[in-house]
C-alpha cells in the first residue's frame, strides 16, 4: 500500500474491536476498558491464529532442514523479515534483525557496534525523556569504558529544545540515542531533523521506535537513521519478538555478541567463519512463531492504514484531554502540541497507585508509576503519574466510562 495515498473512508472501530477477543473480558463485574496500550497492546484473532497455525501445521526448526516442515517454517520466517523491511522502508531484508524486543536491540548495538568504538573520555548522548532501556545499556558501557553519558534536558512542556541541540554534540560524541515517541509524555520528537543535525556532526544515531511504530508510518530511509528498534508486542504482535534495523554499512561493522548455531558458515576448532547479513545476530533457535505473527500484525495495521489509526488515536487524545481538563487540580505531564495518544497526569497530592487501584476495581486498566522513566519523574519532581494510552480499538465511549470511574475514585480519595 502506498503510504502517502492511504485512506480509510470509514474507520469502523466496532469492527476492529470485535477482532480482539480480550476486549470482551469482564473484570470485577464490569466491561474491560483497556487504556494501557503503551505497556503492551492486545492481539487480534488473526495474530493469535497464526501462532496456533504454526504449531498445528508446520512447526519445525528453520534454516537447517531439507524436509517440508522445515522449508515451510524457514520460508514463513524469512517472509516475515521481508514484511518488516517493507513496513519500515529498509533497502534490504538483511538490514532487519529479529530480537526479543527493543531492549535487546539496544543491547545488541551497545555490544556489537559501540563497544569497540568507545574509549575513555568519549561521550554517548541521550535525552532526559528516555525509557530505562535506552539509558542503562549505554550507562553500563560508559562505566565500563570510562566514557561519559551526556543528557539533553527536557523542557517544562516535555520537549527537546531543538534550537540548542547542536550544543551537545562534540568531537567526542560517538552515538546519539533518543526515543522517537516518549512512552510517558507522548511527545513526538522531530526525529528526522534530530538525525540530520547529528549526521552533520558525523555522529551515528540510534532511535528507539517502540512507541512510534504502533502509531505512525516510519520510513527509516527517509529518517536516515543508522539504527532503529521496536517491539512486536507494542504493535499488536506477541511478546518476545522485536526488531533492530541497521543500515547495511553498520551491519557490516557489527560483530556478534551472542554465538551459537545458525550464525556460521564453517566452524573449526582453530577458527569460525560467520555468515553475512542479519542472521549473524540471531544465534540459536529464534522465536519463529513470534516473527511470523509479527508479520501478520504488520499486515493487519497496514490494511487498516497507519494514517487512519493515527487520526483515530489523535481524536481520542483531544477528546480525553478536554474531558480531563475539567478535573480540579489536575496536572498534565507532557503538554507538547506534537503528541501520540498518551496522556500522563496527576491530581493534587493523590498518589497515582491509589487512583490506579480504584480504577481497576471499575475495570479501567491504566498504567501508574514511573513508567520506566525515573529520571524524567525526578525532572518533574513527582513519584509517578497515571498514564492513559490509546490503541486502534479504543473509543470515546470508553473515555466517558473512564471519566466516570475517575470522578468516583477522586471522591473516594478526597
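Structural remarks
- Scanning the range 86-103 for residues that are surrounded by 20 or more Cβ atoms within 10 Å (Cβ to Cβ) and assigned to a helix (DSSP H, G or I) yields a count of 5.
- Residues within the range 160-198 that are out of contact with any helix residue (DSSP H, G or I) (no Cβ under 7 Å at 6 or more places or on another chain) and not in a loop (DSSP other than H, G, I, E, B), tallied: 11
- For beta carbons closer than 7 Å, sequence separation of 6+ or different chains, a first residue in the range 61-75 that is under 18 Å from residue 260 (Cα atoms) and a second that is outside any loop (DSSP other than H, G, I, E, B) and at pLDDT 95 or above, the qualifying pairs are 61/70; 62/70; 62/73; 62/74; 62/77; 62/288; 63/74; 64/70.
- Strands (runs of 3 or more DSSP E) enclosed by the range 314-414 - at least 1 residues per element that are surrounded by fewer than 16 Cβ atoms within 10 Å (Cβ to Cβ): 330-332
- Where strands (runs of 3 or more DSSP E) fall wholly inside the range 209-280, the ranges with 2 or more residues that are more than 24 Å from residue 34 (Cβ to Cβ) and within 21 Å of the chain's Cα centre (by Cα) are 227-231, 242-246.
- In the range 93-112, the residues that are in the same structural domain as residue 77 (by TED's automatic domain parsing) and at positive phi reach residues that are crowded, with 23+ Cβ neighbours inside 10 Å and assigned to a strand (DSSP E or B) with C-beta atoms within less than 9 angstrom, at least six apart or across chains, in these pairs: 101/229; 101/230; 101/231; 101/242; 101/243.
- Scanning the range 154-166 for residues that are without any contact (Cβ under 8 Å) to a residue 40 or more places away in the chain and touching a strand residue (DSSP E or B) at 6+ places or on another chain (Cβ under 9 Å) returns 160, 161, 164, 165.
- Residue 75, sole failed condition from (1) in contact with a helix residue (DSSP H, G or I) (Cβ under 8 Å, 6 or more places away or on another chain); (2) under 25 Å from residue 302 (Cα atoms); (3) surrounded by fewer than 16 Cβ atoms within 10 Å (Cβ to Cβ): (1)
- Residue check, residue 167 under 30 Å from residue 388 (Cα atoms) and either surrounded by fewer than 21 Cβ atoms within 10 Å (Cβ to Cβ) or at pLDDT below 95 (or both): no
- Only residues that are in contact with a helix residue (DSSP H, G or I) (Cβ under 8 Å, 6 or more places away or on another chain) and assigned to a loop (DSSP other than H, G, I, E, B) were counted in the range 48-72, giving 8.
- Here residue 67 does not fit the description of being modelled with pLDDT under 95 and more than 18 Å from residue 241 (Cα to Cα).
- Number of residues in the range 21-47 that are surrounded by 18 or more Cβ atoms within 10 Å (Cβ to Cβ) and assigned to a helix (DSSP H, G or I): the value is 2.
The values are calculated or read from the model by the stated rules, or taken from the named source; none is laboratory data. As the structure is a prediction and not an experimental result, all values here were calculated from the model. Neighbour counts are summed over all protein chains in view; Cβ atoms, including those assigned to glycine, are modelled from backbone coordinates with ideal geometry.
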